Amino acid sequence: MRHALLAENYYSQTFGKTSVDIFLPDCFGFGYALPSVAAHCGVKGFSSQKLSWGCWTNIPFVNIGRWIGPDGSSVTAVLQPGGYGSSVSDNLANDTSELSRISNNFAQTGLYLDYRYYGTGDQGGGPSPSSVNWMEQSVTTANGLLNVLSAGSDQMYRDLTAAQGNGLPVYQGELIMQTHGTGTYTAHAEMKKYNRQNEQRADAAERAAVVADWLHGGGTYPQERLNKAWTSFLWCQFHDLLTGTSIPAAYNFAWNDELLALNEFGAVETDSAGVLAGAMDTTAQGVPVVVYNPLATAREDIVEAMVSFTNGLPTAVRVFDGNGNEVPSQMGTPAGNMVPVEFLADVPATGSAVYDVRPSDTPCALSTGLSVSASQIENARYRVQVNADGDVNSIFDKAGNRELLSAPIRWAFLYDLSTSWPNWEVQYSTVTGTPVSYLGASGAPTCQILENGPARVSLGVTRGNAGSVFTERIRLASGDAGDRVEWDVSVNWGTVKTLLKLTFPLAVTNSNATFDLGLGAIQRPNETSGRYEVPAQQWADLTSSNGAYGVSILNDCKYGWDKPDNRTLRLSIFHTPDPGSSGYGPYQATNSIGTHRFTFAVMGHSNDWRSGQSPWVAARLNQPLQAFQTLPHPGTLGKSFGFLSC
């Protein structure tokens, strides 16, 4: 959607016109949400030739039809326009094969109409002189079999009437690829992390900037700064960068652009939060901290703050809300004069709340039901057990009186042979193969209690396998923040020829699972050779076939999934393929090698994902509360302020 906004603005300013189509000749599959997103941007049409490489289903149109998204919005879609590197080698006005295509289109659409690509693909440059000459003859031929029009990519969508568009054949669903593109959901894991971080930080920055502009009375919104940051990271969504299929040199530029964007969004958010803090009542006995919630829903979650004290490092801290009530808190190990403080914060929608962090001789002693040992963590909602191999083998939902797992959660190392298009593709034989090994195969885990306080408990599990080392910080929080079990994972990934799958054997069964699209959701059945490795955004869910209970799996930067059977979901973590003798081998064989950090979570719920509010819980995981230390002063907004309720 931001692509459309910035692109249309550029076209308007530069060329004095706008476009009404999405022209994607070469991309790696197209999600169910795309027609809805496009329609809401004022786009009328879409075209691509890529489905000829193998769509998960039969291409639904001879060429032209109406593609409907999850909310019922639609675009006119051209799905078989021919290769974008095609040449024109005769007079199309008298071409019998083209006449046959148009006749077939007429049989399906009632329109004598076709839409074709031609040109030079992948290497730049326009159509060949020969193609141009034949095209000139084609468009100037009178009384031929066909009338040929050379036009912009969006002209047909402008010319079709509403009645003609409504009469086109209809397809509602996703148009993802069968094999080509399945590896792009996971290759170059660092790009996926940067992309998700920028999406979240941009949203947080813009919301804070709107609030700050409102407080200033208008005229201060940093539009140019934000547009520049957006442009820096949207460039990286080019289909061979974010997808992890570019040459190595491209990533030096992409990483730089992603980090520049993150820094700029962070600076705008900090500046805007400062304006908001200046209008709030931050009077405090200790150090005032303003907690900012970018989400459009009120929430209670853990916030991590770095607090400095003017009178030296305290022995302990205690934290109080705006009404003077103590909240669960705990102090970490100081770094210099900065003290890490974690506490449970309750913050309004797109708003902020002031908390008072007080130095204390004794830590918070509130009873919140948290406990931790070398093999178990527990809060008011869940009891989580870790077996001798370091795997979580039980998550018991005390509220629902249900076990979430049918077997331990395991990290499966699969042999990842992909010789034609290594980073582009995960093969069906890979996901159906027997794992070569599992994390922990090289020795016993090291388990360590990392946090043990009234706000949060966590257990660290460190293990290695096949040249890689993992540290999992398995944690539970108090209050509403304890509605999920979280894993904060650090990995030094050094395993080649491997697809790493995180396997969740669940205690609910259903032949269908639900996957997050960002705009809406989609149900998919157990995998087949036609559709196996599939994309999702922030969550996936398996709810029992009777709808009584379900389990959602949430993450902050992973996109590839598969569902091998009725009770198992698997999340792809790294795709570092064996390219064989492929010419891509020298560099694609080592993609994602290095250090990574990511988070995932497991949540049980009654009824389906809607009842469990899985989208909101995933949003909370992806968009943590932000803490800003400030100075004490009175303020007209009080101790708690929600912009959406003002």
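The values are calculated or read from the model by the stated rules, or taken from the named source; none is laboratory data. Remember, predicted model here, so these are calculated numbers, not experimental data. Because the Cβ atoms are built from the backbone with ideal geometry, glycine has one as well, and the counts that use them run over all protein chains shown. What goes into the accessible areas is simple: the full protein's heavy atoms, side chains included, and nothing from ligands, DNA or RNA. Shrake-Rupley method; radii C 1.70, N 1.55, O 1.52, S 1.80 Å.
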For this session: Go over the candidates 218, 165, 181, 152 one by one and state the one that is over 29 Å from residue 122 (Cα atoms) and either within 18 Å of the chain's Cα centre (by Cα) or exposed (fewer than 14 other Cβ atoms within 10 Å of the Cβ) (or both).
Result: 218
For this session: Could you tell me whether segment 581-596 includes any residue that is closer than 19 Å to residue 403 by Cα and at pLDDT 95 or above?
Result: no
Exercise. Out of all the residues in segment 376-390, which are touching a Gly at 6+ places or on another chain (Cβ under 7 Å), crowded, with 19+ Cβ neighbours inside 10 Å and of a type in the set (D, E, K, R)?
Worked result: 381
For this session: Considering every residue within segment 341-354, establish whether at least one is assigned to a loop (DSSP other than H, G, I, E, B) and open to solvent by 50 Å² or more (accessible area, probe 1.4 Å).
Result: no
Exercise. Yes or no: residue 304 surrounded by fewer than 18 Cβ atoms within 10 Å (Cβ to Cβ), at pLDDT 95 or above, more than 26 Å from residue 208 (Cα to Cα) and not small (Gly, Ala, Ser)?
Worked result: no
Seminar exercise, completed: Scanning segment 308-327 residue by residue, the ones that are under 35 Å from the mean Cα position of the chain (by Cα) and open to solvent by less than 20 Å² (accessible area, probe 1.4 Å) total 2
Seminar exercise, completed: When segment 588-646 is checked residue by residue, the ones that are part of a strand (DSSP E or B) and open to solvent by 50 Å² or more (accessible area, probe 1.4 Å) are 595, 597, 606, 629, 640
Exercise. Inside segment 438-462, can you point out the residues that are over 18 Å from residue 571 (Cβ atoms), open to solvent by less than 80 Å² (accessible area, probe 1.4 Å), of a type outside the set (A, V, I, L, M) and not in a loop (DSSP other than H, G, I, E, B)?
Worked result: 447, 451, 456, 458, 460, 462
Problem set entry | So residue 109, is it β-branched (Val, Ile, Thr), at pLDDT below 95 and open to solvent by less than 50 Å² (accessible area, probe 1.4 Å) | yes
Exercise. Of the numbered conditions (1) under 14 Å from residue 507 (Cα atoms); (2) outside any loop (DSSP other than H, G, I, E, B), residue 575 satisfies every one except a single condition; which is it?
Worked result: (1)
Seminar exercise, completed: The strands (runs of 3 or more DSSP E) lying wholly within segment 41-100 that contain at least 1 residues that are surrounded by 17 or more Cβ atoms within 10 Å (Cβ to Cβ), among the polar types (S, T, N, Q) and at pLDDT 95 or above are 45-47, 74-78
Exercise. Taking into account only those residues within segment 518-527 that are of a type outside the set (Asp, Glu) and either closer than 11 Å to residue 562 by Cβ or in contact with a Cys (Cβ under 6 Å, 6 or more places away or on another chain) (or both), which is least open to solvent (accessible area, probe 1.4 Å)?
Worked result: 524
